[in-house]
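Everything on this sheet refers to the single structure shown next.
The values are calculated or read from the model by the stated rules, or taken from the named source; none is laboratory data. Since the structure is predicted, the reported quantities are computational estimates derived from the model, not experimental observations. Cβ coordinates were reconstructed from backbone atoms using ideal geometry, including for glycine residues, and neighbour counts include every protein chain displayed.
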Amino acid sequence: MKSVYHIGMDVHKETVRIAVLKDNSSETAYERTVDNDTGKIVNIILGFKAKGDVVAGYEAGCLGYTLYRSLRKHDIDCRILAPNKVVRSGSDKIKTDKRDAILIARMLKHNEGESIYIPTEADEATRDLLRCREDLKDEIKRAKQQLQKLLLRLGHLYDTDRYWTQRHRDWMKSIEFKYDTQTMAFYQYYHHIEALEARIDRIEEKIVEIAHSPEYSERVQPLRCFKGIDYLIALAIVCEIGDFKRFPNAGAFMAYLGLVPSEFSSGGKRKQGGITKTGNGHLRKLLVEAGWHYRYGGEASQRLQERRKGADEHIIAYADKALCRLHKKYSFLTRAGKSKQLAVTATARELAGFVWGAMNQVYN
């Protein structure tokens, strides 16, 4: 019978610590720290594969899936473990690369290392573009705040709170500054904002183009039937989640997004807190943004009806059911005295359930 080698790796930017447990042995058969060179690591693991079966694994981190994909190309069973699933003893106050690699190898040996979902290379590339847009949106927000603070310091106050309209921009450009240096500072901020806006527009055009591609259009179209969800959010959901069947029910999907209440219960006492905020924070933020649209009820707007053209009648009816239910949810909570933010978060949680149903074709 072939030997089984459980290979734990503690992966860092410059080095990788490798620990190997053979069969049921509790002592390591091999330990080594090597440079973070994918080719070198693959060759080491292939050496063990030539002698038996191999199961390798490492913690998810900032280095992505390059090592995983290289190992899979050689038919090596590799798992990427969620950091919060790598359980360390509370009494163990020593943390080293050596100990972490051995811990991961032991988890693999006891079949405790369940891998996270690995996106396809195409989904990962599209996701990178979507997250690039989000980073640019954060950058433009900071740039606008910096420009407004400059004007505030110089005593230039705008007469309404509707900023960044065309009227507001014309007002800013009409200001005459006392010194040329202040004029230069203003236009450096202003042109930086315009350049960021142009870059975001180009990215959004590309996002629409990708959403219409054969690879994504069939999955994006049902999601665009929901109020508050257009190309950007729909494509993000598709690329971030990939296979929705990995969630057995809507509640599991809500929990993955961190939209379920936290709980601290013991004995006969039950106490619930705010949402857990675990899992995919990017999608959670987008669904909360979509949830704000359900403050208003009524029939589907003309714009929403345009998005629904050509969609299956079952998904349209399902999206209308969501529109009615989620508006009622928001209204009930606000009338009960809950804050708008809490009501929208609860609405986003139920919207996530409807999204799960749409992607699994559960229309009842």
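Looking at Glu209, Glu205, which is the one that is closer than 30 Å to Ala317 by Cβ, modelled with pLDDT of 95 or more and not basic (Lys, Arg)? It is Glu209.
Please determine whether any residue of the range 87-94 is within 20 Å of Arg17 (Cβ to Cβ) and surrounded by 18 or more Cβ atoms within 10 Å (Cβ to Cβ).
If we filter the range 87-94 for residues that are within 20 Å of Arg17 (Cβ to Cβ), which is where we start, we get 87-89, 92-94.
Subset that is surrounded by 18 or more Cβ atoms within 10 Å (Cβ to Cβ): none.
Within the range 87-94 (the criterion being within 20 Å of Arg17 (Cβ to Cβ) and surrounded by 18 or more Cβ atoms within 10 Å (Cβ to Cβ)), the answer is no, since none of the residues qualifies.
Of the residues making up the range 95-125, those that are basic (Lys, Arg) and either surrounded by 14 or more Cβ atoms within 10 Å (Cβ to Cβ) or in a helix (DSSP H, G or I) (or both) are Lys98, Arg99, Arg106, Lys109. When Leu63, Leu103, Leu21 are checked against the criterion of being in contact with a strand residue (DSSP E or B) (Cβ under 9 Å, 6 or more places away or on another chain) and modelled with pLDDT of 95 or more, Leu21 stands alone in meeting it. Only one entry in Lys329, Lys285 is surrounded by fewer than 17 Cβ atoms within 10 Å (Cβ to Cβ) and not small (Gly, Ala, Ser), namely Lys285. Taking the criterion of being under 14 Å from Ala348 (Cα atoms) and surrounded by fewer than 22 Cβ atoms within 10 Å (Cβ to Cβ), the residues of the range 234-255 that qualify are Ala250, Gly251, Ala255.
In the range 44-57, the residue that is surrounded by the most Cβ atoms within 10 Å (Cβ to Cβ) out of those that are outside any strand (DSSP E or B) and β-branched (Val, Ile, Thr) is Ile45. Scanning the range 58-75 for residues that are within 18 Å of the chain's Cα centre (by Cα) and either aliphatic (A, V, I, L, M) or in a loop (DSSP other than H, G, I, E, B) (or both) yields a count of 6.
Is one or more of the residues making up the range 212-231 in a strand (DSSP E or B), free of Cβ contacts under 8 Å to residues at least 24 places away in the same chain and of a type outside the set (A, V, I, L, M, F, W, C)? No, every residue in the range 212-231 fails to be in a strand (DSSP E or B), free of Cβ contacts under 8 Å to residues at least 24 places away in the same chain and of a type outside the set (A, V, I, L, M, F, W, C).
Of all residues in the range 187-206, those that are over 16 Å from Arg133 (Cα atoms) have Cβ atoms under 8 Å from Cβ atoms of residues that are part of a helix (DSSP H, G or I) and charged (D, E, K, R), 6 or more apart or on another chain, in Tyr190/Lys173.
For the range 294-322, the set of residues classified as within 19 Å of Gly357 (Cα to Cα) and touching a His at 6+ places or on another chain (Cβ under 9 Å) consists of Tyr294 only. Quick check: is even one residue across the range 146-160 modelled with pLDDT under 95, under 26 Å from Leu67 (Cα atoms), touching a Phe, Trp or Tyr at 6+ places or on another chain (Cβ under 7 Å) and not small (Gly, Ala, Ser)? So far as the range 146-160 goes, no, none of its residues is modelled with pLDDT under 95, under 26 Å from Leu67 (Cα atoms), touching a Phe, Trp or Tyr at 6+ places or on another chain (Cβ under 7 Å) and not small (Gly, Ala, Ser).
Of the residues His74, His156, only one is surrounded by 10 or more Cβ atoms within 10 Å (Cβ to Cβ), over 27 Å from Thr278 (Cα atoms) and touching a Leu at 6+ places or on another chain (Cβ under 8 Å); which?
Working: His156 fails: touching a Leu at 6+ places or on another chain (Cβ under 8 Å).
None of the other options fit; the residue is His74.
Residues that are in a helix (DSSP H, G or I) and touching a strand residue (DSSP E or B) at 6+ places or on another chain (Cβ under 8 Å) are absent from the range 127-149. Condition check: in a helix (DSSP H, G or I), among the basic types (Lys, Arg) and under 19 Å from Ala352 (Cα atoms). Does Lys329 satisfy that? In short, yes. Pairing residues of the range 304-317 that are on the phi < 0 side of the Ramachandran plot and surrounded by 12 or more Cβ atoms within 10 Å (Cβ to Cβ) with residues that are of a type outside the set (Lys, Arg) and not in a helix (DSSP H, G or I), at Cβ distances under 6 Å and at least 6 apart in sequence or on separate chains, gives Arg308/Cys225; Ala311/Cys225; His314/Tyr363; Ile315/Cys225; Ile316/Cys225.
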